[in-house]
Each structure stands twice: as structure tokens, then as C-alpha cells.
Amino acid sequence: MTNKIIVDFDKIRGKIKPMHGVGQPPMIRLDFSMFEYLKEAKIPYSRLHDVAGPYGGYRFVDIPNLFRDFDADPFDPESYDFAFTDLLITALIENGVEPFFRLGVTIENNVSVKAYRVFPPKDNLKWAQICEGVIRHYTEGWANGFHYNIEYWEIWNEPEGKQMWMGTQEEYFALYHTASKYLKEKFPHLKIGGYASCGFYAIEKEYNADFANIGKTVKYYYQYIQDFLKFVTENNCPLDFFSWHSYDSIPNNIHYAEHARELLDHAGFHHTEQILNEWNLKPDLRGTFKHAALNGGMLLALQDTDLSSAMFYDARCDVSIYSCMFNPLTQEPFPTYYSFVAFSELYGRENQVDVTAQIPGVYACAAKDSTGCLVVANTTDEEVEYSLDVTKGYDTYQCKMLSETCLWEETSVPEKLLPNSVVCFYFKQIEE
């Protein structure tokens, strides 16, 4: 049999990274009980963008919700309204999830009718001072606040599109220039970055090998990235992390991560993290095992890229096509949720070990602590023959599977990888 999966538990490759972060969490009004699912899956981050519906539900996260009157004093605690966001963030922290805080506003999908909050701030410095108040409230206890560990603070989201930014490119760059320098000076120990780019689609051959004939929109996205990196380099702006988005395939996302690293290094940002903090493969398949296998495969593949972390869009329990982890009718997990649980088995063991699996459509990753774990995703519609070649002295003691016939249940080691399945093999060392 040629389809061999080779696992070398003696060869440590590094740490399992937090690839299984999510976007907004599954809160139902002010009921945070579903956060227990995030705790079960050891979800490391929840990116707080588009939280609670249009305009942030008028209460959550967005700067206009936290600071109602832009003409108020940003250094006066009475100018802020933290009430609802306090509840949300506290619930996340209590369930082991670190907020990834987007400083800005929720997307407005109907700006063609009228835009409300997606305009550039009237005063960039004052906007940065408001953000300072928010950060101090959640990390330094200011304004009857908290001392939470919230490391990442992202300046805006997808400013390339009018649904998020009605200003010009130059106006966004000016905001980033002012806010990043101001916030980094005030909080040198925290990570300040952006800009939640719409992505790298333009570099893929499937669009067109001739760059001149690529669709105008994706070409603009790519040019925006280059212009942004040029601007922050020339103006010596802080960029602790560069965030970008993609709803593309596994191979393409690997390509994008490689290219992002090349661009960052070329611009001199060798230590800048890159974070894919919006992704979802084939969200139109939500609720299916095909979707679970594809996105499980993505988690495994992303581990081997330069990404520091990734966040799936998203973990809402809602009717949105992008709400792919929980069924809004039953409030129970869709199959894709269990792909994240499977990845958490690797994350909990910390140390990534070497795996070789050159099987088309099959992705694998392994980790160990006192025990070993191998997760394999078959993203094809066919059964796949395979064999395991594992380091001498390790033996399989348990197996769990996610497939059309098994919703993340303990099972015997399968003779073949079932179509659209995720399998978790558990190993222990044996005395010879």
C-alpha cells in the first residue's frame, strides 16, 4: 500500500499553534451558556467583530457603542458605556477564551442605501485616545474595569470596501499612522496591528496569469496590501501583526500565507506575525460532514504555515450562511464544531511532531505530551486506503471519528478513511 501516513514521535517540529480560534461567539441575547462549547474545544481566541448583529447590536464592542458621544472627554470614565461588553468579555475569559479585540465598527451591508458608522473618525488622535480608554478598562482596571489578558488590538477591519470604510485609502492610512503610534507608546507590551485585509486572491492563477486582466476588485485588494506595507515602512508605524482574510481553498490559503510572509519580510517586518482572522471554506455547505472535513483539513494544513494563529468566521448560533458551527434551530453543534474539537486534541498536547502523508485530499498533523495524537482529515468523497507507520514503542489505544456514520464518537481503528471524515488516533508508549 502506497498511502502511508508516517508519524515520528521522536522528531519535535515546534508548538501546535492556535489555529482553531473563532470569530464572534455563540451568544443568544445575554445568554452565554453556549460558551461551554468553546471551552470544551479549547478555543484560544474569539475575534470580536460583527458582534451581536447590525451596528454591534447598538451595545457591544464597537467604538460608537462604547463611546456614545464623540464630543465627550475620552479621559472621563463617565464618557464610556462598557456595560454589555463587560458581560461578553467576562464570559469569554471565564471559559478560557481570549478576546481578539477589533477596534472599529461592524460591517454595514446596506451602505448603498445609507451609511451610518463606517466613516473616518472626525479626529484620529481623539479616536486613538478613546481606544486607549477601552484598552485600559479591560487590561488595567480603569473605569471600574478589569485586568484581563487581552493581547491583540486590531485597528479597523477591511478598509478596502465601502461597507466598512467610506473614506479614502489615504484616510485609513492616516488613522492607522496616528492610532498605531499612539497606542503602542501607551501599551508597549500589547500587540497593535491590522488591517484585516480582504486578502490575496489576485495572486492565484485561477483568476488569471496575466495580472492586467485580473478582476478589478481582487487586484485592488492586493495593491492595497502593498501600499499599506509601503506606508507603514516609510512612516515607521508599529505593526506587531498583519491580519488578512480568505474564503478560498486549502492549497490557495497555504500559498497566500507563504506570500504574506514574503511581503512582510521584504518590507522589513521580519518579526511581524501574520494572522488569518477570517476564513471559512465552502460555508454554503454548512451543517454537512463535507464542510466539517474540508475545514478540519484546513486547520491541519494551516498549522504548517507561517501563520501565528487563525480565526474561523464564525461561531455565531445564527441563520447566517457563515454561522457554521452551531444549528440555530437546536442550538446544538453542527459537524464542523467537532473538527475544532479534534484539533484541540493536538493543541492540548502542545508539541507538534513530524508527519508525512502524501495522499491527495488527505491532511494530517500529530502532537505529543505524555501521550500521542494524530488527526487525519479525508476531504474527498471517496474511501481512501491508508496504513500507519508510527515510531517504534507507540501503540494506538483509542480512536474517535467524525463521519456520516459517526458524530465524533469512539470507534475502532478504521480499515479505510471514510469519505469526508476526520479521525483522531490516540497513542501511548508501550514497554518493549
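The values are calculated or read from the model by the stated rules, or taken from the named source; none is laboratory data. Since the structure is predicted, the reported quantities are computational estimates derived from the model, not experimental observations. Please note: Cβ atoms are built from the backbone with ideal geometry, for glycine as well, and neighbour counts cover all protein chains shown. With ligands, DNA and RNA removed, areas are computed over all heavy atoms of the protein, side chains included. Shrake-Rupley method; radii C 1.70, N 1.55, O 1.52, S 1.80 Å.
The table below lists the values:
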read-out	value
Ellipticity estimate at 222 nm from DSSP helix runs (n ≥ 4, -39,500 (n - 2.57)) divided over the chain, nearest 500	-9000 deg cm²/dmol
For the chain, alpha-carbon Rg over 2.2 N^0.38 Å	1.00
Anisotropy class of the range 135-259 from Cα gyration tensor, a/c 1.5 cut	prolate
Over the range 81-191, relative contact order from alpha-carbon pairs under 8 Å, at least 6 apart, %	31
Heavy-atom accessible area per residue - the range 368-432, 1.4 Å, Å²	51
Accessible-area composition of the chain, carbon plus sulfur, in percent [1.4 Å probe]	48
Cα gyration tensor category, rounded, prolate or oblate, for the range 191-307 with a/c compared to 1.5	oblate
Protection proxy ranking, peptides 376-387, 293-304, 2-13, average beta carbon neighbours within 10 Å, highest first	293-304, 376-387, 2-13
C-alpha long axis of helix 169-186 to longest principal axis of the chain, angle in °	80
For peptides 152-161, 184-193, 53-62, sequence by mean Cβ density within 10 Å, most packed first	152-161, 53-62, 184-193
Accessible area of the range 112-193 divided out per residue, in Å², using a probe of 1.4 angstrom	42
Per-peptide average of other Cβ atoms within 10 Å, ordering 398-410, 87-99 highest first	87-99, 398-410
Net charge dipole size for the chain [Lys, Arg +1 and Asp, Glu -1 on Cβ; Debye, nearest 20]	400
